[in-house]
Amino acid sequence: MPTPTAVLCGLGTSLPDRSVTNDQLIHDNNLDSDPRWILERTGIQARRMADTHTSTGDLASAAGTAALHSAAEQAGPTITPDIVLLATTTPDHRCPATAPAVAHRIGLGGVPALDLSAACAGFVYALTCAKALITAGIYTHPLIIGAETYTTTLIDPHDRDTAILFGDGAAAALLRPGTDDEPGALLTSTLGSDGARAEFAHVPAGGSRLPFPAPTAAPRDHYLRMNGSAVFTQAVRRMTASALHTLAQTGWTTNDVEAYISHQANQRIINAVADRLQIPQPRRHGNLRQLGNTAAASIPLAIADAADTRSVKPGARTLLTGFGAGLAWGAHTMLFPDARPHSQPPRTHHEDTP
């Protein structure tokens, strides 16, 4: 008998206009690297980069609006979000949260809105929280958004280890109550963290531990620092384990997985996890090659891409995995949604009129 759960019924995206190839990135930032090496090492050929006038809130507002249009097309115009969850590590301000401004700009009035920070695992965390709110009967239509502007806020453009990886973008999903036998149904999730290894990927300065600027802060302490080899090892280990646990809780084996969508961190990480799970290449989906690592936005952007190209059929048994700074990780099983993604260009705060 079908069980009540949350169902994804709308998808929206927003990407900066500027696409920067590996050649352009090396030239513009005077990086000691090679375009072919970047592609072979990371799987990234280009990434979208926001300009200095485009904020995370600009991208999130556009993606959220697009998701509402998508949901209206599928389920009718009567669905109105009653809470907004914004997964981001690059908010518009340290205070206040960005989500309330995003809700206002979308035209949602006084609905509750909050930021959720779990780095690149943020969207999996947000999905789990939104599902819990629906199944508990607290809210009925959460709007969850993953949005990031890493390239203008956290990335040192001259650091070859990080500058080649990240891009900017946003994607949103609208949820509604439903049952676990329909396309878009959220099934089981597993979340985890390990704060003992937080320095594997962290921004040293800018918080209360080391305010910036400060006499003890180095000039580049407000940029992301990452231990690439340690992150690789932890990401593969944690995502594989959480995926296997989630599949077992769902009652699936890896053979049951018809679509695998991982956080788009690095193609070597994606392949290593999928290989350990024995998921064949045709069932692996993503858009890392053209968008780079968009952190909390990467999973919903990849879902939207697969839905737009119809490379995954509605109702397909889907496994999502994410891993990020914190360390934080998670996995989620779902039936792939039957929603046509909508896209909107980002609009600056001054251009936006709800």
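Derivation of every value follows stated rules applied to the coordinates shown; laboratory data play no part. What you see is a predicted model, and the numbers here were worked out from it, not measured in a lab. FYI the Cβ positions are ideal-geometry reconstructions off the backbone, even for glycines, and counts take in every protein chain you see.
Packing-based ranking of 52-62, 35-45 yields 52-62, 35-45, ordered from highest to lowest mean Cβ neighbour count within 10 Å. Here's how it looks for Ile83: its modeled amide H is under 5 Å from those of His141, Leu143, which are all 5 or more places away or on a different chain.
Scoring 109-115, 294-300 by mean Cβ neighbours within 10 Å over their residues and listing the highest first yields 294-300, 109-115. Sorting the segments 137-145, 190-198 by their mean number of nearby beta carbons within 10 angstrom, highest to lowest, gives 137-145, 190-198. Coupling constants for region 182-190 follow from the phi torsions by the Karplus curve (6.51 cos²θ - 1.76 cosθ + 1.60, θ = phi - 60°), and in residue order they are 10, x, x, 5, 8, 10, 10, 9, 9 Hz; glycine and proline get x. Mean projected area of the Cα convex hull of the chain, taken over all directions, amounts to 17.0 nm².
Taking amide H as placed 1.01 Å from N in the peptide plane, Ser343 has its amide H under 5 Å from the amide H of Thr13, each at least 5 places away in sequence or on another chain.
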